[in-house]
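The values are calculated or read from the model by the stated rules, or taken from the named source; none is laboratory data. Being a predicted model, the structure only gives us computed values, none of them experimental. Here the Cβ is made from the backbone with ideal geometry for all residues, glycine too, and neighbour counts use every protein chain on show.
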Amino acid sequence: MSDAVGTGKFYMTDPADPTVDASDDLVFTRVIFVYHEDWLTVAQHGALETLYRQKGLTVHFRNPNFATPHWFQEKMKRRLSPSPSSKA
């Protein structure tokens, strides 16, 4: 992977998948997801949407209301999953 240094090319791996993807093999869908911790005003949200749209992009904002239920879902999954020591 050292051949990627300085080229703008990067490689991605998933611990659960042995496949290695190179950045130049990916297709950019022009959809951007923005995860943020602070609340945006309606004016800020509108201005950012306009800016992205002018660049030909679609933007989806993920505020704290998005993250909290997902965090609780993951916490519940871990709580309900049998622990390795509970196997008979």
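In the range 9-34, the residues that are within 24 Å of residue 54 (Cβ to Cβ) reach residues that are basic (Lys, Arg) with C-beta atoms within less than 8 angstrom, at least six apart or across chains, in these pairs: 33/62; 34/62.
Scanning the range 13-31 for residues that are closer than 26 Å to residue 56 by Cα and not aromatic (Phe, Trp, Tyr) returns 21, 22, 23, 24, 25, 26, 27, 29, 30, 31. Screening the range 1-87 for strands (runs of 3 or more DSSP E) wholly inside it with 2 or more residues that are within 19 Å of the chain's Cα centre (by Cα), surrounded by 10 or more Cβ atoms within 10 Å (Cβ to Cβ) and modelled with pLDDT under 85 returns the ranges 11-14, 17-22.
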